[in-house]
Amino acid sequence: MVINSRHVLTLRRYSHEMPVNQASADFAEMLADGPSDLLVVLLEPLDYFRATTLAEGISKSHALRQIDQNLRKFSANTRSILNTAVFDIRVFISAKFRATLSKSELREREARSFTVFQEMVEDLSPVVIISCQCATRNSPNPTLQKTSEY
């Protein structure tokens, strides 16, 4: 897969720092790749799975199917998840992964993940950001607090 967008390269660098399997890293890159006009932010991260294609990953995820349906509905089928950048706000820190970490490890990983997310947003520089779910409202991260207000 050849992706040269700055935000995807930032994600790729981070996936190499984390203990992330290649399939998860590839799937996150496929989701993140998209034009800079619109960004969908998942405030509760996906539990990554071994998807071989973006279409397969979308078909296995209720959240992604719902996002795709809404993008198509509200854009008269001009937008879909296939032509929209989608980022996890907690990059590579799924609920399953969080359950394996101590509180101090979790704080450290989340802080790094939020920083990477913020770098990715700055790299993409989207015109519009749509966030999905608001379970991160109590985070100490200022970007998340602002995002959760909307």
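The values are calculated or read from the model by the stated rules, or taken from the named source; none is laboratory data. Fair warning: this is a prediction, and the values are worked out from it, not measured in the lab. Ideal geometry is used to build each Cβ from the backbone, glycine not excepted, and the neighbour counts take in all protein chains shown. Side chains included, ligands, DNA and RNA excluded: accessible areas come from the protein's heavy atoms. Shrake-Rupley method; radii C 1.70, N 1.55, O 1.52, S 1.80 Å.
Could you say whether any residue in region 55-70 is within 15 Å of the chain's Cα centre (by Cα) and under 19 Å from Pro126 (Cα atoms)?
Yes, because at least one residue in region 55-70 is within 15 Å of the chain's Cα centre (by Cα) and under 19 Å from Pro126 (Cα atoms).
Out of all the residues in region 77-99, which are more than 16 Å from the chain's Cα centre (by Cα), open to solvent by 80 Å² or more (accessible area, probe 1.4 Å) and modelled with pLDDT of 90 or more?
Matches in region 77-99: Asn77, Thr78.
Among the residues of region 115-127, is any part of a loop (DSSP other than H, G, I, E, B), modelled with pLDDT under 90 and farther than 17 Å from Glu17 by Cβ? Talk me through it step by step, then tell me what you get.
Looking only at region 115-127, we keep the residues that are part of a loop (DSSP other than H, G, I, E, B), and these are 125-127.
From the residues that got through so far, the ones that are modelled with pLDDT under 90 too are none.
Looking through region 115-127, none of the residues is part of a loop (DSSP other than H, G, I, E, B), modelled with pLDDT under 90 and farther than 17 Å from Glu17 by Cβ.
In region 100-125, which residues are of a type in the set (A, V, I, L, M) and either farther than 16 Å from Leu39 by Cβ or open to solvent by 50 Å² or more (accessible area, probe 1.4 Å) (or both)? Step through it out loud before you land on a result.
Taking region 100-125 as the starting set, the residues that turn out to be of a type in the set (A, V, I, L, M) are 101, 106, 111, 116, 120-121, 124.
Within region 100-125, Leu101, Leu106, Ala111 meet the criteria.
Restricted to region 25-37, and to residues that are part of a helix (DSSP H, G or I) and open to solvent by 10 Å² or more (accessible area, probe 1.4 Å), which residue is nearest to Leu64 (Cα to Cα)?
Across region 25-37, the extreme among qualifying residues is Met30.
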